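Below is one structure, written out as structure tokens; comments come after it.
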Amino acid sequence: MKKVVTMLLLSFALLSFQPNALAHSSVVETEPAYKSTLNTLPKSVTIRFSEEPLMISGKKVNTLTVTNPEGEVVSASKTVIDKRTLTVDLVSSENLEGTYGVRYRMASADGHVITGSYEFYLGAKSAVATKPDLEVDEPWFEHFFHLHREHIAYAVATLFVAVGWLLWRKRRNEG
């Protein structure tokens, strides 16, 4: 019992002192602004982040999607990335009055993916806001391991240290 308690205390201590990421990317500015009311529909939507997005060749990991008050996607399928800024052009020529939804997905340089949404209004706010259903390009388990590989590595390292320590104690007590 004493060995188990000691191992648990050692594991807790090792996990408590692991280096954490101090910050993840965050939204710095949006254009159009969050919950702003516009008279005309802009040609594009832009979000600027606190750090540059992670670029993975051949993968669509950083996206912006804009929907109109009826829930239809009115943005181009290609999101343009320039340093810390994501921009998407609006392809609709219809200026439907109401709430426009903006959804974003951005993989920051540390590998963590941030997602979110905001809205802006054309003329006036809609009675009911709609948000687009975004397709997920990767299975959940790939996303999970991508986001948590560092935590898994810490857990495995702690397990190795704890087992090594127990074996060392057992050998020392036998000898």
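What to note about this one:
- Burial ordering of Y104, Y154, Y34, Y118, fewest other beta-carbon atoms within 10 Å first: Y34, Y154, Y118, Y104
- Net charge of neighbours whose Cβ lies under 14 Å from the Cβ of E31, counting Lys and Arg as +1 and Asp and Glu as -1: 0
- The length gained on full extension between W165 and K125, counted as 0.36 nm times the residue separation minus their Cα-Cα distance, comes to 8.1 nm.
- Rounded FRET efficiency, nearest 0.05, which uses the C-beta distance separating T37 from V80 and R0 of 25 Å: 0.45
- Residues Y121, Y100 in ascending order of nearby Cβ atoms (within 10 Å, fewest first): Y121, Y100.
- Entries of K60/K83; K35/K83; K35/K78; K59/K125 with Cα pairs more than 28 Å apart: K59/K125
- Efficiency of FRET from Cβ geometry, E29 and E52, R₀ 22 Å, rounded to 0.05: 0.90
- Counting neighbouring Cβ atoms within 10 Å and putting the fewest first, the residues D110, D89, D82 line up as D82, D110, D89.
- Summed side-chain charge close to E94 - residues other than E94 whose Cβ falls under 13 Å, Lys, Arg +1, Asp, Glu -1: -3
- Formal net charge of residues neighbouring L167 (Cβ-Cβ distance under 15 Å; K, R +1; D, E -1): +4
- Cβ-derived FRET efficiency at R0 30 Å, L90 paired with Y154, nearest 0.05: 0.10
Here, each number is a calculation from the coordinates, and none is a lab measurement. If you're wondering where the values come from, they're calculated on a predicted model, not measured in any experiment. A quick note on method: Cβ atoms are made from the backbone with ideal geometry, for glycine too, and the neighbour counts reach across all protein chains shown.
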